[in-house]
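Undergrad: Below you'll find the structure I mean.
The values are calculated or read from the model by the stated rules, or taken from the named source; none is laboratory data. Remember, predicted model here, so these are calculated numbers, not experimental data. With ideal geometry, Cβ positions are generated from the backbone for all residues, glycine too; neighbour counts draw on all protein chains shown. Ligands, DNA and RNA are excluded from the accessible area calculation, which covers all protein heavy atoms including side chains. Shrake-Rupley method; radii C 1.70, N 1.55, O 1.52, S 1.80 Å.
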Amino acid sequence: MKKNGSTNRSGLDVIGNNLLFNDFKQETLAEIASNFVKEIWPARTCSNCKNLKHKFHIIISGRLKVYQTNKETGREFTLFLLKQNDFFDVISLVDNCNHKIYYESLEEVHMLTTPTFTMQKWLKLYPELNEKLLTYIGKQLLRVEDYAINHTFFEIPARLARLILKNLNHESQKLEYIHDLSNDEIANLIGSTRAVVNRHFQNFKKEGILKISRKKMEVINLPLLLKKATN
């Protein structure tokens, strides 16, 4: 991990456009931004929440997966894919609250960081931050709820179809955020294995639902994909 010093104008813009701070006045934003430093994680940098619990991060660019792993089987489960303007670790903002999760950068990730105690101070100083934080936590809880529903009520093809739909740009019919992920990473998102995901991708291709090439996937029959998502 590399630190690049204090924030500049672009850092101030990142803070100002973030859900947490987008209603703050410019002078307050400038003061808040001055407490952040830039940090870069090269691709495939891994860490755990224990190492990061003393820092709060806002992602500028790149994707970061939040996951848990079974040490006995080596299986992984990806809770979230974090991207631009997402932030972490939210749970560490709560005193004496620990959890066992891991982080890995899927490509080079640029972020702004500030000490957790500084963020906790702002939550007391600016009560409106609490409402913004709860909104974000609510969205994350809905993602976990959505996974639980998918895993309980839908088979693998439907889970895969629903994941594609969730990350589909409906104008271009192209995938975003997961378009270049390996089948291993896709499997971790839906609670499956690489071999099973690969088989269903090939079935989707044969059925004319997807056009698949190297690190590129395009939906070519949306009605069929929607049908798959409900089966």
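Undergrad: Residues of the range 149-192 being more than 21 Å from Leu222 (Cβ to Cβ), open to solvent by less than 50 Å² (accessible area, probe 1.4 Å) and either of a type in the set (Lys, Arg) or without any contact (Cβ under 8 Å) to a residue 40 or more places away in the chain (or both), which ones?
TA: Correct list: Asn183, Ala187, Ser192.
Undergrad: List every residue pair whose Cβ atoms lie under 8 Å apart, where the two residues are 6 or more positions apart in sequence or sit on different chains, the first residue falls within the range 205-217 and is open to solvent by less than 100 Å² (accessible area, probe 1.4 Å), and the second residue, located anywhere, is assigned to a helix (DSSP H, G or I) and charged (D, E, K, R).
TA: Close Cβ pairs satisfying both conditions: Ile209/Lys228; Ile212/Lys205.
Undergrad: Output the residue which, of all residues in the range 218-231 that are open to solvent by 50 Å² or more (accessible area, probe 1.4 Å) and of a type in the set (A, V, I, L, M), is modelled with the lowest pLDDT.
TA: Ile220
Undergrad: Right, next: For Lys211, are the conditions met, namely being charged (D, E, K, R) and assigned to a helix (DSSP H, G or I)? Before the answer, list the steps.
TA: Values: charged (D, E, K, R): yes; assigned to a helix (DSSP H, G or I): no.
Spelling it out, it is not the case that Lys211 is charged (D, E, K, R) and assigned to a helix (DSSP H, G or I).
Undergrad: Residue check, Ala30 against (1) within 30 Å of Thr78 (Cα to Cα); (2) open to solvent by less than 70 Å² (accessible area, probe 1.4 Å); (3) at pLDDT 90 or above; (4) not β-branched (Val, Ile, Thr), all met but one. Which one?
TA: (1)
Undergrad: How many residues are within 23 Å of Val37 (Cα to Cα) and either in contact (Cβ under 8 Å) with a residue 60 or more places away in the chain or surrounded by fewer than 18 Cβ atoms within 10 Å (Cβ to Cβ) (or both) when one looks only at the range 54-92? Steps first, answer last, please.
TA: Here is the first cut: in the range 54-92, the residues within 23 Å of Val37 (Cα to Cα) are 54-66, 81-92.
Next, from what is left, pick out any that are either in contact (Cβ under 8 Å) with a residue 60 or more places away in the chain or surrounded by fewer than 18 Cβ atoms within 10 Å (Cβ to Cβ) (or both): 54-56, 61, 63, 65, 81, 83-85, 87, 90-91.
Matching residues across the range 54-92 total 13.
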